[in-house]
Structure formats: structure tokens, C-alpha cells
């Protein structure tokens, strides 16, 4: 794998391809690690996988290092995707969560009306895998190469780690709208080594629970069943003990000439006031629109709560926002265009 050249000039966010960004603030060296899917033209390494940029100030970044490649995982069930990489510290090691898919392994097509789907939709294997390393810089080795962590009969993506107050790890993931039409967020308990699951998944909420989506549907297309999409969950404990979930979806505010409904990607959030992963979950209005989303929260080394997300959805770049929690309410304080270059 290619190592960065210390003599190379730093990179800045406007020049860094960045889809589904995830930041780990590593305290002892005061280094931010910014993970995203591998882009060979930037990393210099061919293949599907994960790369990481590094910075001390969120402004100047090293050229990325590749930390995971599907081609290096013996017997792995899928080699495409590597979407939404996240790295979490757990039990003294680092665990990569990333979504793979294999279009050559179709899933059984459910009969009409199963999961609320009124027609038959072809799907294929898609889900999050976990991989382990002793270093934030990898290399990461997949724990179970035979299957994704969520039930393989489900088409899922964007799995993230949540640890409940008892110390039980969970994977929270999005259940694809391709199976459900109205995409859902679900959670499943993980084994202690994060290699598999314990018990059945738990339903959390569906995308159409966000009331602002129904407010947007244009007049004149009352007969279309619009798909509702869930993407990019991240869990965050608030000071008042509530549990907050960032998630993304698409707006429903544009009617196409062919009768379809569309809209831009949007960053929103939900709150479980009980503090329990099983809710009930209350939906809040979007934080950032403008084709922005898949955000996550982290704190700077000075203690400032930040959100990073990508915009636009295609050819995405990272955008940074200072955030504030007021009880269980999350607010954008200001955009840090001095760090992300604007746009």
C-alpha cells in the first residue's frame, strides 16, 4: 500500500473526493483521521476499499493512505461497494464498518405486500461487514468473509456501531428502500467481538415518519408511490441523556415530467427522549439541505462539537459545521467555510 510522501504539499477539502465522511479524533497525537471510500486516482492504489486522510487542524490534510482493500480479503462474499466506512475503538482494537454488495448474488424476490411492497422488486446481497486492526492506519482484516453482519436475506447498508448503557454493542443500519419502498432504520445486537449478531433485528423507524417529507409532495402527482430512503445513521448521546440519530434521506419537492417525484439529499436527525435505542423516535426538521448529507458528529481537540457531511451527492466534497446541543435539540451554529473552502 502506498505511503504518503512527507514532502508533498497538504491537501484541502475542496480538492479531496469525500463521500460518506467519517472522522476519528485521535487524542494523544491530536490527529484527525478522515475515512472515505478509496479513490485510486487520489490514493495511488487500485481497488475497492477504504482510505484515510489525516490532519492536525481540519484544514491541511495528508494525501490518503489505503487501509482496507476487498481484494486482499480471502474468500470475501463481495468485492464491490466499500461505502460508508467508519472506524470505531472497541475492546482495545479498531473496527472498520463498511458496506459491500454483490450484484451476482440475487436475493429471493419477496411476494407482493411483504414488507409493505406492493410489487416485486429484484434485489441482491448488500450489507455491512466488520474488519479489525490494531492501528487506525490498518490494514483491516474482515472478521467474517462469508456474509454481511446484518441478516443476509435483507438488503441493508451504512451500518454503524452503537454501545448501549449496559455495554452491549449494536449495529444500527438502513434497510434498503428497494426491499421496503419506505426505507427503515433497524438495529441488531452484536457479538462481543463484533463479528456477528445476537438475536433478531429491531425496527426503529421508517423514513416517511419524518413529517416534513409529506409536506413537500407536489400537487398533481397524487397516485405515485414515492420511495422513501434511509441513509447514514450515526448515534450520539446528548447531555440530557437522550439518544440522537443523524440520518439522511431525499426531499420530495420536485415533480418530473414523467410523473416521478424527486429532490435533493438532505441531512436530518431523530431523537429518542427515553435514551433507549428502541425509542420511541421523534423526527426533527432537516439540519442542512442543498443536496447534503451522510453527516456525523465529532468533537475537536478544543471541545467544539462539529458535523462533517458531503455535498453534493455526486462528486462529493466534505463540508464542516460548528454545532450546538441544547438539551436534545441539535442546531447548526455556523458553516466553517474557512476550513472546507465554501461551496
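The values are calculated or read from the model by the stated rules, or taken from the named source; none is laboratory data. Given the structure is predicted, the values throughout are model-derived calculations rather than measurements. So basically every Cβ, Gly included, is an ideal-geometry build from the backbone, and we count neighbours across all protein chains shown.
Data table
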| quantity | calculated |
| --- | --- |
| Filter result for the condition that a residue is on the phi > 0 side of the Ramachandran plot, surrounded by fewer than 18 Cβ atoms within 10 Å (Cβ to Cβ) and modelled with pLDDT of 95 or more, over 303, 327, 342 | 303 |
| Condition check for residue 12: more than 22 Å from residue 319 (Cα to Cα) and either surrounded by 19 or more Cβ atoms within 10 Å (Cβ to Cβ) or at pLDDT 95 or above (or both) | no |
| Search result, residues across the stretch 277-286 that are in contact (Cβ under 8 Å) with a residue 40 or more places away in the chain and under 20 Å from residue 189 (Cα atoms) | 277, 278, 279, 281 |
| Filter result (surrounded by 20 or more Cβ atoms within 10 Å (Cβ to Cβ), over 17 Å from the mean Cα position of the chain (by Cα) and under 12 Å from residue 100 (Cα atoms)) within the stretch 134-159 | 142 |
| Search result, residues across the stretch 8-23 that are over 13 Å from residue 57 (Cα atoms) and under 21 Å from the mean Cα position of the chain (by Cα) | 14, 16, 17, 18, 19, 20, 21, 22 |
| Selected residue (only one of 57, 20 is over 16 Å from residue 100 (Cβ atoms), modelled with pLDDT of 95 or more and outside any strand (DSSP E or B)) | 57 |
| Total residues in the stretch 38-53, condition surrounded by fewer than 22 Cβ atoms within 10 Å (Cβ to Cβ) and not in a loop (DSSP other than H, G, I, E, B) | 3 |
| Matching residues in the stretch 253-273 - criterion: being without any contact (Cβ under 8 Å) to a residue 24 or more places away in the chain and either within 16 Å of residue 230 (Cα to Cα) or surrounded by 13 or more Cβ atoms within 10 Å (Cβ to Cβ) (or both) | 262 |
| Pick from the stretch 160-181, criterion more than 18 Å from the chain's Cα centre (by Cα) and touching a residue at least 24 places away in the same chain (Cβ under 8 Å), ranking: nearest to residue 99 (Cα to Cα) | 179 |
| Elements of type strands (runs of 3 or more DSSP E) contained in the stretch 111-218, each with 3 or more residues being more than 24 Å from residue 33 (Cα to Cα) and touching a strand residue (DSSP E or B) at 6+ places or on another chain (Cβ under 7 Å) | 124-133, 184-190, 197-206 |
